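Structure first, then comments.
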Amino acid sequence: MTAADARVSAQLPWHHADPFDRVLLAQAMGRGLQLATRDPVMAAYEVPLLAV
């Protein structure tokens, strides 16, 4: 986790309140990665998802 990841996670809309999940979202967004998740709330963010 970088300082930039922390800043992005703090600025995300509050669809998801879990801080760890918010950091995962910020990292995926910043690095152009697809996020594997079962959490339907993650779909509220602009990140490619892989449903597992």
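The values are calculated or read from the model by the stated rules, or taken from the named source; none is laboratory data. Here the structure is a predicted model, which means the values were calculated and not measured. For neighbour counting, all protein chains shown are included, and Cβ atoms are generated from backbone atoms with ideal geometry for every residue, glycine included. Side chains are part of the model used for accessible areas, which takes the heavy atoms of the whole protein and leaves out ligands, DNA and RNA. Shrake-Rupley method; radii C 1.70, N 1.55, O 1.52, S 1.80 Å.
Near L49, the amide H atoms lying under 5 Å from its own belong to L35; only residues 5 or more places off or on other chains count, and H is placed 1.01 Å from N. For the chain, a simple Cβ point-charge model (Lys and Arg +1, Asp and Glu -1, everything else neutral) yields a dipole of about 80 debye relative to the Cα centre. The accessible surface of the chain, taken with every protein chain in place and a 1.4 Å probe, is 61 percent carbon and sulfur. In this view, the solvent-accessible surface of L24, computed with a 1.4 Å probe and all protein chains in place, comes to about 50 Å². In the context of the full set of protein chains, the chain has a per residue accessible area of 67 Å² (1.4 Å probe). The angle between the Cα long axis of helix 19-31 and the main principal axis of the chain comes to about 90°, on a 0 to 90 degree scale. Based on the reciprocal of the average 1/r between different C-alpha atoms, the Kirkwood radius for the chain equals 10.9 Å.
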